[in-house]
Structure formats: structure tokens, C-alpha cells
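Read the structure below first, then the notes.
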Amino acid sequence: MDECDMIEPLHFLSPLIASLAVGVLLGMLYFQAVRRCADLMVKGEHAVLALALTIGRLALLGAAFFCAVRFGALPLLAMLAGTLLGRQWVMRTQQRRRP
């Protein structure tokens, strides 16, 4: 086995790992923004800020997934899995904060 054969799996896995990491970060940001929007709507405060957060989070999510699509199906699925992991992290954090 030469050096080229050892590098090939790393070349294949690096976009997947990067997509997963970006997805986790994106999921955390997205679902924290969802929580912030819900808080703003329930309190009846800053409707313009809630609208801006909604548009911003949807645009960010769409742009990130569009970039992932350009790398192929597996990075797209890795980013989706990361986004769901980020959601899970935000949900667990919020459950721990509740009295």
C-alpha cells in the first residue's frame, strides 16, 4: 500500500466531516433563532426584528444547503444530519433550562 492509497479515504471524508460540522453549527444557529422569534411573538415585541430573524435564518439555511448541493448528495445529507444534531442540542439545552 503506497501513500496515494492511504490519502484517498481522507480525500473522500473531508467534505463529509466539514459538511457535518457546518450543519451542526447551522442547526444550532437556526433553532436558537426560531426560539428567539417565538419569544418575540409571544411577548408581542419587536415584530420587525422577528420578521428579520425569520427571513435571515431561512436565507442562511437555503444558502448553506445550496452550497452543499454543489458538492454532491453525500455532503448534502451530512449537512442535513448535522442540522438535525444541532436542533437536538438546542432542544436539550432548552429542556434543562426549564424549571
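Every number in this text was worked out from the coordinates using simple rules, so none of it is lab data. If you're wondering where the values come from, they're calculated on a predicted model, not measured in any experiment. Reconstructed Cβ throughout: ideal geometry from the backbone, glycine too, with neighbour counts over all protein chains shown.
Per-structure values
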| quantity | calculated |
| --- | --- |
| Extension gain (nm, one decimal) between residue 69 and residue 97, 0.36 nm per residue minus Cα-Cα | 6.5 nm |
| Square roots of five times the Cα gyration tensor eigenvalues for the chain, Å | 35, 16, 7 |
| Karplus 3J(HN,Hα) series, Hz, for region 14-23 with 6.51 cos²θ - 1.76 cosθ + 1.60 (x for Gly, Pro) | 4, x, 5, 5, 5, 5, 5, 5, 5, x |
| Efficiency of FRET between residue 51 and residue 13 - r from beta-carbon atoms, R0 35 angstrom, step 0.05 | 0.30 |
| Top of 25, 13, 80 by mean-square fluctuation, Gaussian network on the chain, Cα under 10 Å | 13 |
